[in-house]
Each structure stands twice: as C-alpha cells, then as structure tokens.
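First the structure, in the form of structure tokens, and then the observations on it.
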Amino acid sequence: MNSKKSLLILAGGLGSRYKGLKQVDGILDNDSPILEYSIYDALEADFRKIVIIVNRLVPKSYIDRLNALSQAKGFELHWVYQEMDRIPVPDFDYSERQKPWGTAHAVLCAKDVIHEPFVMINADDFYGKEAYHLAADEIELHHISAIQLAMAAYPVSTTLSGNGTVARGICTLDSDSFLVKVEEQTSIQKVNDSIIYTENGQSIEIAPDTLVSMNFFIFHPGIFGTLETYFYDFIKSDPMPDQEFYIPFAIQRMMDEKKVKVKVKISPSQWMGVTYADDKKSIKDFLTSEIQKNRYPEDLWN
C-alpha cells in the first residue's frame, strides 16, 4: 500500500455521562486508552499520520507519552486544539458560548494539517482492526474522492450499552449501498428482546441488523472547503449557546445538495464503546479476550 493516509481522532469532547476524561483513560494495566488501540490498528493498516483533536484538559504528561511513542514507532503525529475561535468568526461574541462547536467543527480544525484521504473516528470508540483495513482498501482503490466518500457502519445490536440509552445515527441506504440519510436518535436501548427508541412519546422498534453510523468516516481533504462554508452558515443562523455543528448534519447537507455520495460498507469488526463509566468493564473484558486470542500484545507498544 503506497497512498498516504491519515487517521483523525476526535478527542475534544468532555464526556459528561462518563464523568471523566475518558479519551485518555487507560483500560487495562498497560494504561493504554481506546485511542491507542485505534492507532495500533491504523498503523497495521499502513496509516502513517495521526492527527488528534483535543481540548486543553488533556494532561501534558499524556501528550508527552504519545509524542515519545510516535518517535519510537516512526509515525507522524499532530496535536490540534479545538478552540472556539480556531476557525475565526469576525465580530462574533464568544462570551455566551459554553463549549466547542461540535464534531464538524472539530474536523474543520484539522484543515491545515491534513492534505490526503483520511479516516475520522471518535477517540472513545473501539472500531476493530478490520475496519481500518477496509478503509485502507477504499483509499488504495481510489474510491475516495472529492465527490465520493465512505463510511463503515455497524449493526445497531452490536452498539448498545447495558447501562443506559445511547445516541446512534440510523442509516437509510439506496439499492447500491450509498447513504440516503442518517437519522440521529438519542434514546436507543434494548428492552427485553427488542431494540427501541422513543420519539414523540412513542416507543419505536428497530431491527437488530439496522445499520448505524458510529462516526467512522473515510473522507477526502476536499471536504474542508465545504465544511468551512457550512460552519459560517451555522454561525449566521444565530445558534443557541449550547448548539453544535455535527458531522452527520454536514454530510446530510452535502448529499442533499448533490455535492457528494457516501458509500456505506458494513464493518466486519466488533464495535465497543464507553458511553457510561460502567461500560469500562465490558470493554476491559473484551480487550482481555482479544489479547488471549493474540490479536493484541498484552503491553500494546512493547
């Protein structure tokens, strides 16, 4: 594989339901957080450039740890802070703004350091090594361009938490497996043997194999110009102080305006995530099992 590929990790969120800085919270005794397993998997798939979007709460000791790791393992590493004024908005009053602008703004913050096709992921989600090989193949086969993007989707049944409701983007596809729309639902949970979400006070059941977006997108750098235009449109709409500019909404607008098509690939990997603090045990058990199967070393970087 010869094409240059980047991995963009969104680690700027505050994790209110987790009640901690879960982006850098170690899972096993090796102290590696989920994002390091993502880096490990991406390096195996020949991604040699890692860009991490962070907030100012990430401790310097952790930044130093990964900087040393990048030198030891020979990959390019960039840190980008998601500041509210990272993309300047002339004459905007920031005094009432309570937090950064959301995931689409986070991606846009990387526009000066990414110039090649890239995968975008959440720092606190484990996507599985096969997903990165799938993405690498899409890039190597030149399926990713300014007018065609891709995403890895997961069956909703594999993305639930036993500790509360989760937010997922329910995907609708056309007959050629291109994305038609992503409908965000914030109250998905398993109740007895059914998977449901609540809308307008009604419980709606969905099939276990319904595909959902877990924010694993395969992007072309041409997306940055459109995101910047959309961001300024978002600002002009006079958003509420806590309203955010989300990547699924931006992608939906691009599709509606016929700017891009998004190919949906079903991930062959097991997804695992940490929405709530109690989810940590589940992913700890899962990673322990993966180590026992020799899919990861016990000390990830030894």
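Okay, here's what the table says:
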item	result
Strands (runs of 3 or more DSSP E) wholly inside the range 19-132 that include at least 1 residues being surrounded by 13 or more Cβ atoms within 10 Å (Cβ to Cβ), without any contact (Cβ under 8 Å) to a residue 40 or more places away in the chain and not charged (D, E, K, R)	76-81
Verdict on Glu96 being in contact with a Pro (Cβ under 8 Å, 6 or more places away or on another chain) and modelled with pLDDT under 95	yes
Any hit, the range 136-148, residues being of a type outside the set (Phe, Trp, Tyr) and in a strand (DSSP E or B)	yes
Enumeration of residues in the range 255-282 that are surrounded by 17 or more Cβ atoms within 10 Å (Cβ to Cβ), under 20 Å from Gly128 (Cα atoms) and in contact with a helix residue (DSSP H, G or I) (Cβ under 6 Å, 6 or more places away or on another chain)	Lys265, Ser267, Ser269, Trp271, Met272, Val274
Residue that is nearest to the chain's Cα centre (by Cα) [pool: residues in the range 197-226 that are in a strand (DSSP E or B) and of a type in the set (A, V, I, L, M)]	Met214
Those residues of the range 232-242 which are without any contact (Cβ under 8 Å) to a residue 40 or more places away in the chain and either crowded, with 19+ Cβ neighbours inside 10 Å or assigned to a loop (DSSP other than H, G, I, E, B) (or both), in sequence order	Ser237, Asp238, Pro239, Met240
Condition check for Phe217: out of contact with any Asp or Glu (no Cβ under 9 Å at 6 or more places or on another chain), within 23 Å of Thr159 (Cα to Cα) and not β-branched (Val, Ile, Thr)	yes
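The values are calculated or read from the model by the stated rules, or taken from the named source; none is laboratory data. Keep in mind the model is a prediction, meaning the values are calculated, not measured. So basically every Cβ, Gly included, is an ideal-geometry build from the backbone, and we count neighbours across all protein chains shown.
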